[in-house]
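Below is one structure, written out as structure tokens; comments come after it.
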Amino acid sequence: MIEFKLPSLGADMEQGKLLEWKVTPGDKVKRGDVVAIVDTSKAAVDVEIWQDGVVQELITQPGETVPVGTVMARLLAPGESAVQRRKVSPAARKRAAELGVDPEKLAGTGPEGAVTLEDVEKQAKPAAAPAAVPAAVPAADRAAEMRKAIAAAMSRSKREIPHYYLSETVPLERASAWLEAENARRPLPERLLMAVLFIKATALACKEYPEMNGYYRDGAFHPSAAVHVGVAISLRQGGLVAPAIHDVQDKALSALMKDLADLVKRARAGSLRSSEMSDPTITVTNLGEGGVETVFGIIYPPQVALAGFGAVRNKAVVASVSGDHRVSDGHRGALFLGAIARLLQEPEKL
Amino acid sequence: MNKPEIRATVIAELKRIAPELEESELAPAKPLRDQVDLDSMDWLNFLVALHERLKVDIPESDYARLVTLDQTVDYLAAKLRL
């Protein structure tokens, strides 16, 4: 039996409201399938499942708000038999036979998911009009909720993470020239942004300095082999999200550009996936877009580092690193920042 | 397509990216990206949309000629040989 629990979709999430199930009992699901849409205070998120199985029972009802970790549904693992698991009370079985209902196909509400007499009778009643999908939170409430969520995550960060901050002016003559030449030969829809070079250079530097990439949990650092870069994306209505581009270290710049464009589009349309929200291993912020020279970001827990990029001016950028002193020191942080700077000098190798 | 039509197309595409945009508040001779708060991804998406709708190519080296709304309309009109 597989229990599908409401995952944490970020350090600032304590609960979520189920908007919609994308599956019904009996559906086969594969690892990575979207099974539900859950409203967090930041966005409506497509929640994926991480095991194969067959949906047996949906426990949480659309419209319900439940804490992170709540068992929302039960599934049968591949090869697991529904019959052997299904418990139907004798009275329910008898009544089901009278009504011509197959009790094996009902969602049980009794102990251990047992089908009760009530479940059978409920099923036999003429089907009521399906409940409308509960509306997402109105925009004004959403903005207030998002501010609260950001405040909670950033307060936790500043309370728990002893930050240190470093910055360095990185020459971008070579990167700018390379990008210009590259974009001149690319059709408009395939052009690259400098931000993609920043993201890739940061990911490659993480491979050299693994203490910048991973999570700090339960009093210990857990490095991550993959580099999932959380990209800070400001939303037009206010607030921000920092969903992940996965496995950045292995992706070519063209693929990264596609991923970034898609991520920005979906973040602004409020259609992110749970894995993107929950698993960035480091964050990159490119606040220079707004014209600022330097940004010193606040680390998004449980991550342990954040790389910031200011505005590109006179073919240079001020790059910064915010590091977690529980995991690394300024010396290693400086080497990490130096690696980002070095990697940006060889854009053709990114 | 005449200039007013080009302008309408430009505004329509801007609004797709920035739905909150009020055309009446847009100063046509002031920098567009600042007024509409377009980051480089928005800007690229805006140009891709114009490229697809008007079938014009806009090399990166021409971005400096597209600073204001008026300049953008003039540039596109020239490209379309109006």
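The values are calculated or read from the model by the stated rules, or taken from the named source; none is laboratory data. Not measured: the values here are computed from a predicted model. Heads up, the Cβs are rebuilt from the backbone with ideal geometry, glycines too, and the neighbour counts pull from every protein chain shown. For accessibility, only protein heavy atoms count, side chains too; no ligands or nucleic acids. Shrake-Rupley method; radii C 1.70, N 1.55, O 1.52, S 1.80 Å.
Residues in region A:247-290 that are more than 20 Å from A:Leu204 (Cα to Cα) and in a loop (DSSP other than H, G, I, E, B): A:Gly270, A:Ser271. For A:Ala205, are the conditions met, namely being more than 14 Å from chain B (Cβ to nearest Cβ), in contact with an Asp or Glu (Cβ under 9 Å, 6 or more places away or on another chain), open to solvent by less than 30 Å² (accessible area, probe 1.4 Å) and within 16 Å of A:Asn286 (Cβ to Cβ)? Here the answer is no, as A:Ala205 does not meet what is asked. Looking at the structure I just gave you, is A:Ala334 in the same structural domain as A:Asn286 (by TED's automatic domain parsing) and touching a Pro at 6+ places or on another chain (Cβ under 6 Å)? No; evaluated as a whole, the condition is false for this residue. Checking B:Asp42, B:Asp37 one by one, the residue that is under 23 Å from A:Gly288 (Cα atoms), within 11 Å of chain A (Cβ to nearest Cβ) and surrounded by fewer than 16 Cβ atoms within 10 Å (Cβ to Cβ) is B:Asp37 and no other.
Candidates A:Tyr216, A:Tyr165: the one that is farther than 22 Å from A:Leu343 by Cα and at pLDDT 95 or above is A:Tyr216. The lone criterion from (1) facing another protein chain (nearest Cβ under 9 Å); (2) over 26 Å from A:Asn286 (Cα atoms); (3) acidic (Asp, Glu) left unmet by B:Asp74 is number (1). Assessment of region B:20-32 against the conditions (part of a helix (DSSP H, G or I), open to solvent by less than 60 Å² (accessible area, probe 1.4 Å) and within 14 Å of chain A (Cβ to nearest Cβ)) yields no matching residue. Return yes when A:Gln61 is farther than 27 Å from A:Ile150 by Cβ and more than 18 Å from the chain's Cα centre (by Cα) and no when it is not. Yes, satisfied.
For A:Tyr165, the stated conditions hold: it is surrounded by fewer than 20 Cβ atoms within 10 Å (Cβ to Cβ), in contact (Cβ under 8 Å) with a residue 60 or more places away in the chain and touching a Ser or Thr at 6+ places or on another chain (Cβ under 9 Å). For A:Arg217, the requirement of being within 14 Å of another protein chain (Cβ to nearest Cβ) and either open to solvent by 30 Å² or more (accessible area, probe 1.4 Å) or over 20 Å from the mean Cα position of the chain (by Cα) (or both) is not met. Scanning region A:254-267 for residues being more than 9 Å from chain B (Cβ to nearest Cβ) and among the basic types (Lys, Arg) gives a total of 2.
From the list A:Arg142, A:Arg147, the lone residue that is open to solvent by 90 Å² or more (accessible area, probe 1.4 Å), modelled with pLDDT of 60 or more and either among the basic types (Lys, Arg) or not assigned by TED's automatic domain parsing to the domain that holds A:Pro103 (or both) is A:Arg147. Checking each residue in region A:145-201 for being within 12 Å of chain B (Cβ to nearest Cβ) and hydroxyl-bearing (Ser, Thr, Tyr) picks out only A:Ser176.
One line per residue, one yes/no per condition, for (1) surrounded by fewer than 16 Cβ atoms within 10 Å (Cβ to Cβ); (2) over 13 Å from the mean Cα position of the chain (by Cα):
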residue	(1), (2)
A:Ser254	yes, yes
A:Asp262	yes, yes
A:Ser274	no, no
A:Thr283	no, no
A:Ile299	no, yes
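Which of the residues belonging to region B:44-56 are in contact (Cβ under 8 Å) with a residue 24 or more places away in the chain and not in a helix (DSSP H, G or I)? Across region B:44-56, the qualifying residue is only B:Val56. Name, by its number, the condition in (1) in a loop (DSSP other than H, G, I, E, B); (2) closer than 27 Å to A:Tyr215 by Cβ; (3) open to solvent by 50 Å² or more (accessible area, probe 1.4 Å) that does not hold for A:Lys17. For A:Lys17, the exception is condition (1).
Kindly indicate whether any position in region A:223-246 is assigned to a helix (DSSP H, G or I) and open to solvent by less than 30 Å² (accessible area, probe 1.4 Å). Looking through region A:223-246, none of the residues is assigned to a helix (DSSP H, G or I) and open to solvent by less than 30 Å² (accessible area, probe 1.4 Å). In the condition set (1) touching a Pro at 6+ places or on another chain (Cβ under 9 Å); (2) under 18 Å from A:Arg191 (Cβ atoms); (3) part of a helix (DSSP H, G or I), B:Met41 is compliant with all but (1).
Looking at region B:55-71, which of the residues that are within 14 Å of chain A (Cβ to nearest Cβ) and out of contact with any helix residue (DSSP H, G or I) (no Cβ under 6 Å at 6 or more places or on another chain) is farthest from B:Ala29 (Cα to Cα)? Residue satisfying both the conditions and the ranking: B:Lys55.
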